[in-house]
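Below is one structure, written out as structure tokens; comments come after it.
Readers should treat all values here as calculations from the given coordinates under stated rules, not as data from a laboratory. No experiment lies behind these values; they were computed from the predicted model shown. As a convention, Cβ positions derive from the backbone with ideal geometry for all residues, glycine included, and neighbour counts pool all protein chains shown.
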DNA sequence: CCTCCACTAGAACGAACGCTCTATCCAGGA
DNA sequence: TCCTGGATAGAGCGTTCGTTCTAGTGGAGG
């Protein structure tokens, strides 16, 4: 059956994505992935003959889409860009707390561990960040900001969200995210 | 000899700090550390009977001091807080480029990998972030900002620097750091 | 009914992991 | 001179790593 086939592949990617998010690249074993995904080692290497790296790259792309979805949801909450950004920080804070501070950014840990040593993964990471920046940039331009301002602000918004997510996870507190929302709103406010 | 003794311990901590920075916690083995530090496995466990976790916690504290030194150097470059922050981003960018994009924040990777599963390390991480925030907060207060504003801005400055450092490392470009410097300067400018 | 092939299943491989253990070295005090 | 104890040295423990390999399963097409 086709559904079973894609079902297994999908389960493997989802499990990998979640494990990479929580344990990082080196801390996650293929056997743990196959166990968690309720698939066998044979299935894993059948779908991902490129091994751990190919699997991780695919999981990064999955995390990319996941985070992009959250961004779009937050940005759609208000026409005002400043309010839209704080909606994003609110969503991130809620998700982080709901997971008991376990699920931060889905790709940061893997990105840092593999930088400069796993080109396939790095490429997926770069694409994810570019995707996220583009989503924010589009929102800012739609709100009337100039092209250069929107592009630059979008980059800082994403970078700052990353930093705040990290801080919130470490401190086990929503506060860094809420604070960042307020400061980003203030920064955006200086552009009108 | 006392110097030889402390010399070995110091070499182990330095090597561990550098390796954790570049490869993360799970990606770094004790044997690699002892090799890199030109010490034997026996010496490592002699000085750090708590094993890898104790060693990592000590290395985090070393990285804490290192980053704090850079912060102090940058902040001391100008009496104006906005200029001082951009001096920090400049120093970070230079260091990152000089290491060929290998040496980002000394503790981020390890922090993310061990969050919620290695209390000894987590404690050192929390202390490091608190230390860095305090350094920036003091500078902002000395520049005339109110107590609450200074505290909040300091937190955002550190978080944003972290995010920018991450982005710069991944993109192999100084640009995210310089951009962040400009945006942080602008944000600080709204408080006078 | 048989063939075919995508998929499942997991044993086995060499290497590396963190850590324990014993043995040795050597400077300083009795 | 002998003793003590911090420091060095590395073999070896059991486990897990990523990967390879062969064997088996089951539904679709002829």
>> Can you give me the Rg/Rh ratio for the stretch A:52-190, using Cα atoms for both radii and the Kirkwood formula for Rh?
In response: 0.97
>> If I stretch the segment between residue B:131 and residue B:46 completely, what's the gain in nm (0.36 nm per residue apart, minus their alpha carbon distance), one decimal?
In response: 27.7 nm
>> So if the hydrodynamic radius of the stretch A:59-110 is defined as the Kirkwood radius over C-alpha pairs, what does Stokes-Einstein give as its diffusion coefficient at 25 °C and 0.890 mPa s, in µm² per second?
In response: 213 µm²/s
> Over the stretch B:15-73, how many percent of alpha carbon pairs lie in each 5 Å bin up to the one with the longest distance?
Replying inline: 4, 19, 29, 24, 13, 6, 4, 0
> Going by average Cβ neighbours within 10 Å, how do the peptides B:160-169, B:50-59 rank, with the highest at the top?
Replying inline: B:160-169, B:50-59
> Roughly what would the spin-label model give for residue B:192 and residue A:65, points 7 Å off Cα along C-beta, in nm?
Replying inline: 4.9 nm
> Could you work out Rg/(2.2 N^0.38 Å) for the protein assembly as shown, with Rg from alpha carbons only?
Replying inline: 1.00
> Could you give the angle, 0 to 90 degrees to the nearest 10, between helix A:119-142's Cα long axis and the longest principal axis of the Cα atoms of chain A?
Replying inline: 30 degrees
>> If you average the alpha carbon positions of the stretch B:136-162 and of the stretch A:106-171, how far apart do those two centres end up, in angstrom?
In response: 24 Å
> Hey, for residue A:182 with labels 7 Å out along Cα-Cβ, what do the inter-copy distances come to in nm, ordered shortest first?
Replying inline: 2.8
> R0 = 45 Å: FRET efficiency of residue B:100 with residue A:80, Cβ-based, nearest 0.05?
Replying inline: 0.60
> What number, rounded to the nearest 500 deg cm²/dmol, is the helix-based mean residue ellipticity at 222 nm of chain B, given -39500 (n - 2.57) per DSSP H run of at least four residues and division by all its residues?
Replying inline: -26000 deg cm²/dmol
> Taking a label point 7 Å from Cα toward Cβ, how far is residue A:50 from its twins in the other copies, in nm, shortest first?
Replying inline: 4.0
>> No solvent, one uniform scatterer per C-alpha: report log10 I(q)/I(0) for the stretch A:120-192 via the Debye equation at q = 0.17, 0.20 1/Å, two decimals.
In response: -0.70, -0.88
> What is the fewest-to-most order of B:152, B:138 by other Cβ atoms lying within 10 Å of their Cβ?
Replying inline: B:138, B:152
> Which values, in whole Å and largest first, are the semi-axes of the equivalent ellipsoid of the stretch A:1-123 obtained as the square root of 5 times each eigenvalue of the Cα gyration tensor?
Replying inline: 29, 16, 13
